[in-house]
Each structure stands twice: as C-alpha cells, then as structure tokens.
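Everything below concerns the one structure shown next.
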Amino acid sequence: MLVQVAIASELDLVFGRFLDLLGMDDIVLSVTPDDVPDAWGFYRREQSVSMFTIERVGTGYILSMDRIASYEDYRFFPYLLDTLSMYLTDSPYTEGEDSVFQIFDEEWVAETIGEEIAYLKCALRLGMKYYLTLPIDDTFVYVSEDVLNNMGVTMYSSTPRIYGFVIYMLKHGLLPSDEVIENTKDMDDEIQVDVPQHVSIGTVLSWQTDGSETTESYCKEDVELLLTIAERYEQGEEFEGVVLNDIGTIYEYGIGLERDPDEAIRWYKEAIRQGDLLYAPTSLGDIYRRGLGHVESNLALALDAYMKSEDPYAWYRIGQSFEEGWTVEPDIDKAMQFYRKAAAVGHHLALKRLECEEE
C-alpha cells in the first residue's frame with residue numbers, strides 16, 4: 001500500500017530543476033516519462049528500500065511512497081513533499097494551520113508503519129504474499145510467513161520487530177521475488193481476519209545514534225522460534241548473523257529462559273562469524289566492559305569486540321579506551337580520532353565528549 005499526497009498545479013515539472021531545489025546529491029532517477037508517461041520514480045542511494053514516485057494526474061501531481069519504506073525515507077518524505085509544493089505552487093505544503101512537518105511527524109510514522117504491518121499480517125493470514133508496491137529493481141519482491149520465520153520473526157512478533165527485519169531484508173536483497181504477482185484474493189472490508197497479537201514476555205532497552213530510546217520486545221513465540229533456529233544452526237543450517245544475535249540477546253537478558261552469560265557470549269561470537277558487524281560486536285563488547293554474572297569485566301576483550309563493529313557507538317567506546325588507557329598508555333589524539341568518527345554520523349555520546357573538549 002502507498003502513502004499518497006496530491007498537489008494541484010498546472011505547472012510543468014522539470015525534474016532537474018526540482019532536484020536542484022531539493023538540494024540532495026544522493027537521488028537516483030530510475031523511472032522517467034520516457035519509461036512511463038508523466039511519471040518520475042526515484043530513490044535515495046544508501047537510504048531507500050523502495051522508490052518515491054511523482055505522477056501527473058489531471059490538473060495536478062501525486063507524490064507516492066511505499067508504506068514499507070526505510071525509516072530514513074519516512075523522515076525524508078515531509079521535506080520532499082514540502083519542496084515539491086514549493087516548486088509547483090510557490091507555497092509550502094500545509095493542512096489548515098499545520099505545516100508538513102507537523103502532519104507527517106514521528107507519531108504519523110509510527111501509526112503508518114503499525115497499520116501497514118497489520119495489513120501485512122492480514123495478507124499472510126489469508127495465505128497471500130505481501131508484495132512491495134514500489135520496488136527499486138522492477139522485481140516483485142514479497143514477504144511470506146516462511147521468510148519471516150527464517151529471520152526469527154513470527155506473526156506474533158512486535159510491530160517494530162517485524163518492520164525492522166523486513167527493512168533489513170530489503171536493504172540486503174534477501175527477499176524472494178516473482179516474475180508476476182501471484183495473489184488471487186482481494187482484501188476488502190468484508191473479510192474477517194484474526195490478526196495475531198503481540199504479548200511481550202521481556203524487553204531490551206537500547207539507544208539510537210541521536211540518543212533516543214527504543215525498546216525491543218519479545219514474545220514467547222519469538223523465543224521458541226529462536227531456540228529452534230539455534231538447534232537448526234547447530235545442525236548445519238545457515239542463518240543471518242543478526243538472527244544469531246537475537247539468540248544471544250535472549251540469553252543475555254534471560255527472556256523466556258534462564259539468563260546465561262556464557263551462551264550469550266557464544267551466540268554473539270557466532271553472529272559476528274556470520275556477518276553481523278553492527279549489533280553483536282557491541283553487545284559482546286558491553287558484556288566484557290561491564291561484566292555479566294560470573295563473567296568479569298575484561299577491557300582488553302571489550303576493545304577487541306568493539307574493534308570488529310561498524311556501529312558508531314562502538315567507535316565512541318574505542319575512543320574511550322584510548323582516552324582511559326584500557327590496554328595501552330592513554331592516547332588522547334587517537335581517542336579524538338574515534339570520537340570524531342562517531343560524531344561525524346551524529347552519535348550523541350561522541351558529540352557530548354567533543355563539546356567537553358571544546359570547553
């Protein structure tokens with residue numbers, strides 16, 4: 001399904017001029033009026049998992065975005081809409097007294113994602129595949145229940161968990177595709193579907209790059225599936241490192257089972273071996289930095305784990321290691337290199353540390 005907004009205008013859209021007004025250097029134009037009359041399809045390199053489209057319809061234009069889009073695209077959408085409105089009407093986009101940024105705010109993002117995940121669950125419950133509406137590469141990529149299960153996600157998983165793994169699969173090209181759309185059922189208001197509801201048995205608190213808090217919630221079905229995946233992995237099946245990271249998480253926090261630091265460490269190491277260089281190394285580093293249960297703090301092992309990570313948080317901790325001299329003599333110059341690396345992508349702890357340095 002799509003998010004669509006109409007703008008009335010008789011002006012002819014010249015995409016190059018609009019792009020100049022937009023002021024973005026990462027836009028990739030993949031559909032032009034030569035391909036589809038009066039239509040432009042584009043996306044942001046390194047950010048998008050689906051396209052934005054602008055279509056001329058009658059006496060105006062329609063801007064569309066897939067409701068399963070990256071979080072970066074959700075945050076970009078109001079700016080894109082406002083800029084398009086300025087181009088076509090010479091006025092910012094408003095509804096009543098509300099600006100575009102008040103209309104399409106964080107609450108709207110959460111509600112829209114929640115509604116679409118509910119729709120996805122309904123489609124899967126009806127035995128349908130959930131197809132992405134505006135794929136970047138012209139293939140009909142889809143989500144199925146089996147696809148979700150292979151990522152350790154169930155129909156009872158939380159909305160953020162399902163959304164997060166769907167976006168992960170889109171970004172890494174892991175979703176299957178069909179040559180044609182195979183769904184034969186129509187979803188209308190008369191269809192009654194029992195949508196599985198998430199019942200949390202444990203949560204994990206984490207922080208985003210900007211310092212905002214997020215909570216990952218697990219249900220018993222998540223835990224049961226992850227433990228089954230653990231057994232299948234031990235028998236030789238392959239799984240994404242991020243899935244193995246979740247197995248480490250339930251052992252670290254004791255979600256649905258007994259807390260076991262040794263098993264948490266083992267699964268984080270397996271996750272790293274299977275390519276998770278974002279979540280597992282930082283989780284492993286934090287265990288060694290703080291200690292957990294009978295596992296005592298070991299700053300050398302913590303630094304070794306952080307060094308494997310692509311997470312800006314890990315870069316901050318590496319900076320801290322050089323500043324405090326975890327394994328070698330303190331080296332403020334090297335510390336600042338890593339603080340600046342983390343600050344360059346907006347990590348809140350690194351930004352605060354650099355502010356202190358400037359004072």
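Taking every C-alpha pair closer than 8 Å and separated by at least 6 residues, the mean separation divided by the residue count of the stretch 92-156 gives a relative contact order of 17 percent. Given their separation in residues at 0.36 nm each and the Cα-Cα distance between them, E46 and R125 gain 25.2 nm when the chain is fully extended. Shape call for the stretch 199-306 from the C-alpha gyration tensor, a ≥ b ≥ c root eigenvalues: rounded (a/c under 1.5), prolate (a/b greater than b/c) or oblate? Because its axes are fairly even, with a/c under 1.5, the stretch 199-306 counts as rounded. Applying both filters, DSSP loop and at most 13 other Cβ atoms within 10 Å, to the GluC sites (Glu not before Pro) of the stretch 119-226 gives E179, E182, E190. The distance between label points at D98 and R290 comes to 3.8 nm (points 7 Å beyond Cα on the Cα→Cβ vector). Projected onto planes of every orientation and averaged, the convex hull of the alpha-carbon atoms in the stretch 108-178 covers 4.6 nm². Phi angles across the stretch 10-17 convert, under the Karplus curve 6.51 cos²θ - 1.76 cosθ + 1.60 with θ = phi - 60°, into 3J(HN,Hα) values of 8, 5, 7, 7, 9, 4, x, 5 Hz, Gly and Pro given as x. As a rough footprinting exposure proxy, the listed residues T59, T228, T249, T159 were ranked by other beta carbons within 10 Å of their own, and the order from fewest upward is T59, T228, T159, T249. Spread over its residues, the convex hull of the C-alpha atoms of the chain is 177 Å³ per residue.
Set the Förster distance to 25 Å, then compute FRET efficiency between D210 and T327 from the Cβ-Cβ distance, nearest 0.05. It comes to 0.25. Under a 5 Å amide H cut-off, with hydrogens placed 1.01 Å from N, S9 pairs with G60, Y61 among residues at least 5 apart or on other chains. The share of alpha-carbon pairs in the stretch 311-359 lying farther apart than 12 Å comes to 53%. For a straight C-alpha distance cut-off of 23 angstrom, the lysines reachable from K121 (same-chain residues fewer than eight places away being disregarded) are K129, K171, K185, K220. Here's the picture: charge each Lys and Arg Cβ at +1 and each Asp and Glu Cβ at -1 in the chain, and of L303, S70, Q337 the one pushed furthest to the positive end of that dipole is L303. Once the Cβ-Cβ distance between E115 and F140 is put in as r, and R0 is 30 Å, what FRET efficiency do you end up with, to the nearest 0.05? Step by step, r from the Cβ atoms, then E = 0.85.
Take the Cα pairs of the stretch 2-105, get the Kirkwood Rh, then feed it into Stokes-Einstein at 4 °C and 1.567 mPa s and tell me D in µm²/s. It comes out at roughly 93 µm²/s.
About the centre of its Cα atoms, the stretch 278-359 shows a dipole size close to 300 debye [charges on the beta carbon of Lys, Arg (+1) and Asp, Glu (-1) only; nearest 20 debye]. Every pair of different Cα atoms in the stretch 253-329 enters the Kirkwood calculation, which places the hydrodynamic radius at 12.6 Å.
Once the C-beta distance of E182 and N149 is scaled by a Förster radius of 22 Å, the resulting FRET efficiency is 0.70 to the nearest 0.05.
Remark: relative contact order (the chain) = 9 percent; criterion is Cα-Cα distance under 8 angstrom and separation of 6 or more residues. Here the 3J(HN,Hα) profile of the stretch 132-140, calculated from phi with Karplus coefficients 6.51, -1.76 and 1.60 at θ = phi - 60°, is 6, 6, 10, x, 6, 9, 6, 9, 8 Hz, Gly and Pro shown as x. Its Cα centre serving as origin, the stretch 1-101 has a Cβ charge dipole (Lys and Arg +1, Asp and Glu -1) of approximately 180 debye. Ordering L292, L174 by the number of other Cβ atoms within 10 Å of each residue's own Cβ, fewest first, gives L174, L292.
With both labels modelled 7 Å from their Cα along Cα-to-Cβ, the K334 to D12 distance reads 6.2 nm.
Along the stretch 41-47 the Karplus relation, 6.51 cos²θ - 1.76 cosθ + 1.60 evaluated at θ = phi - 60°, assigns HN-Hα couplings of x, 8, 8, 9, 4, 6, 10 Hz to successive residues, with x for each Gly and Pro.
Net charge of the neighbourhood of F140, taken over other residues with C-beta under 11 Å away and scored Lys/Arg +1, Asp/Glu -1, is -4.
K171 label point, 7 Å along Cα→Cβ, cut-off 13 Å on backbone N: hits in the stretch 216-256? Zone members listed by number: 242.
Values in this text are rule-based calculations from the coordinates and carry no lab data. All values reported here derive from a predicted model rather than from experimental measurement. Backbone-built Cβ (ideal geometry, glycine too); neighbour counts: all protein chains shown.
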